[in-house]
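Here's the structure we're looking at; comments come further down.
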Amino acid sequence: MTPVLLQDSYSAVAAVSPYLFYFTVYSFLGWVLEGSYNLYSAGTFRKEGFLKGPFKPMYGCAPLLLLTGQSIGLPLPIFLMLALIVPSAVEFVSGWLLKGIFRKQWWDYSGMPYQLQGHICLKFSLYWWGLSIACIYGLQPLVHFLYLHVERVWTPVIPLALLLFSADLLWTFRTRRRGLRELDSTEQLELGEG
């Protein structure tokens, strides 16, 4: 590789490094949050998620989108409105895609008032709004501070982190699609018997 190409590669990694760190931290914290909520509501920390590992990508995506909105200097009222809309939009799109691809709904708000296709509801949208504001104005400065202290270690670890996340994603798709094929086979057998 030429020195210019190496420098360009390093610059690209340096530019996305903090965002990959934020995504990883918030995805992990989302897993902790959901596990804690499940422990409180169902008595067990373990709650099945889309991925097998300790990450909830929805919780990583919403803060990154909000940080982008904040970085372009949106006025506070617009940003506060986005803090309500973005997490709900991420939750809706995630739920819709997962149900469409795997024919399984990991969460279901259909029994709650003011819900949309069971993927989002007003009550949890307001929770996400409060958490988003707390995340951006309270937690993000701490996460950024942590990033500044681990950046020298984090940057070389990025390829390994991406590899592990990709492996979890591929493994999840493989096992979930296998389960879907088994479900299709069972349904075909049941239709054939009827």
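Just give me the residues in segment 99-117 being assigned to a helix (DSSP H, G or I) and loosely packed, with under 14 Cβ neighbours inside 10 Å, in sequence order. Quick ask: steps written out before the conclusion?
Taking segment 99-117 as the starting set, the residues that turn out to be assigned to a helix (DSSP H, G or I) are 99-102.
If the condition is that a residue be assigned to a helix (DSSP H, G or I) and loosely packed, with under 14 Cβ neighbours inside 10 Å, then G100, I101 are the ones that fit.
So is Y114 over 14 Å from the mean Cα position of the chain (by Cα), over 28 Å from L169 (Cβ atoms) and not basic (K, R) or not? Even if it seems obvious, please write down each step before you answer.
Details: over 14 Å from the mean Cα position of the chain (by Cα): yes; over 28 Å from L169 (Cβ atoms): yes; not basic (K, R): yes.
Yes, satisfied.
Which residue out of F55, F21 is in contact with a Gly (Cβ under 9 Å, 6 or more places away or on another chain), buried (at least 17 other Cβ atoms within 10 Å of the Cβ) and over 17 Å from G130 (Cα atoms)? Lay out the reasoning, then the answer.
Details: F21 fails: in contact with a Gly (Cβ under 9 Å, 6 or more places away or on another chain).
Just one listed residue meets the conditions, F55.
Here are W96, W128: which of them is over 15 Å from G30 (Cα atoms), in a helix (DSSP H, G or I) and in contact (Cβ under 8 Å) with a residue 12 or more places away in the chain? Break it down stepwise before answering.
Details: W128 fails: over 15 Å from G30 (Cα atoms).
Every option except W96 fails the conditions.
Looking at (1) open to solvent by less than 40 Å² (accessible area, probe 1.4 Å); (2) closer than 18 Å to G30 by Cβ, can you tell me which one T155 breaks?
Result: T155 fails condition (2) only.
What are the residues in segment 37-61 that are closer than 25 Å to I85 by Cβ, more than 10 Å from the chain's Cα centre (by Cα) and hydroxyl-bearing (S, T, Y), if any?
Scanning segment 37-61 gives a single hit, Y37.
With the structure loaded, tell me whether E190 is modelled with pLDDT under 85, more than 21 Å from K99 (Cα to Cα) and among the acidic types (D, E) or whether it fails that test. Let's see the steps before the verdict.
Numbers: modelled with pLDDT under 85: yes; more than 21 Å from K99 (Cα to Cα): yes; among the acidic types (D, E): yes.
Against the criterion (modelled with pLDDT under 85, more than 21 Å from K99 (Cα to Cα) and among the acidic types (D, E)), E190 qualifies.
Find all pairs meeting these conditions: Cβ atoms under 7 angstrom apart; at least six residues apart or on different chains; first residue within segment 147-169 and touching a residue at least 24 places away in the same chain (Cβ under 8 Å) and over 19 Å from A15 (Cβ atoms); second residue open to solvent by less than 60 Å² (accessible area, probe 1.4 Å) and of a type in the set (A, V, I, L, M).
Filtered contacts from segment 147-169: D168/L51; L169/L51.
Could you check, for segment 36-51, whether at least one of its residues is touching a residue at least 12 places away in the same chain (Cβ under 8 Å) and closer than 18 Å to S125 by Cα?
Of all residues in segment 36-51, those touching a residue at least 12 places away in the same chain (Cβ under 8 Å) come to 47-51.
Now narrow it down to the ones that are closer than 18 Å to S125 by Cα: none.
Checked segment 36-51: no residue is touching a residue at least 12 places away in the same chain (Cβ under 8 Å) and closer than 18 Å to S125 by Cα.
Please count how many residues of segment 75-91 are of a type outside the set (A, V, I, L, M), surrounded by fewer than 16 Cβ atoms within 10 Å (Cβ to Cβ) and either part of a helix (DSSP H, G or I) or at pLDDT 95 or above (or both).
Restricting attention to segment 75-91, the residues satisfying the condition of being of a type outside the set (A, V, I, L, M) are 75, 77, 79, 87-88, 91.
Retained after the next criterion (residues that are surrounded by fewer than 16 Cβ atoms within 10 Å (Cβ to Cβ)): 75, 77.
When the remaining residues are screened for being either part of a helix (DSSP H, G or I) or at pLDDT 95 or above (or both), the result is 77.
Number of matching residues: 1.
Looking at this structure, is L33 surrounded by fewer than 20 Cβ atoms within 10 Å (Cβ to Cβ), farther than 22 Å from A167 by Cα and under 14 Å from the mean Cα position of the chain (by Cα)?
Details: surrounded by fewer than 20 Cβ atoms within 10 Å (Cβ to Cβ): yes; farther than 22 Å from A167 by Cα: yes; under 14 Å from the mean Cα position of the chain (by Cα): yes.
So L33 passes the test.
Is it true that I120 is buried (at least 17 other Cβ atoms within 10 Å of the Cβ) and either among the β-branched types (V, I, T) or in contact with a helix residue (DSSP H, G or I) (Cβ under 8 Å, 6 or more places away or on another chain) (or both)?
Values: buried (at least 17 other Cβ atoms within 10 Å of the Cβ): yes; either among the β-branched types (V, I, T) or in contact with a helix residue (DSSP H, G or I) (Cβ under 8 Å, 6 or more places away or on another chain) (or both): yes.
Yes: the conditions hold for I120.
The values are calculated or read from the model by the stated rules, or taken from the named source; none is laboratory data. Everything numeric in this text was worked out from a predicted model, so none of it was measured. Cβ atoms come from the backbone with ideal geometry, glycine included; neighbour counts cover every protein chain shown. Keep in mind that these areas ignore ligands, DNA and RNA; they rest on the heavy atoms of the full protein, side chains included. Shrake-Rupley method; radii C 1.70, N 1.55, O 1.52, S 1.80 Å.
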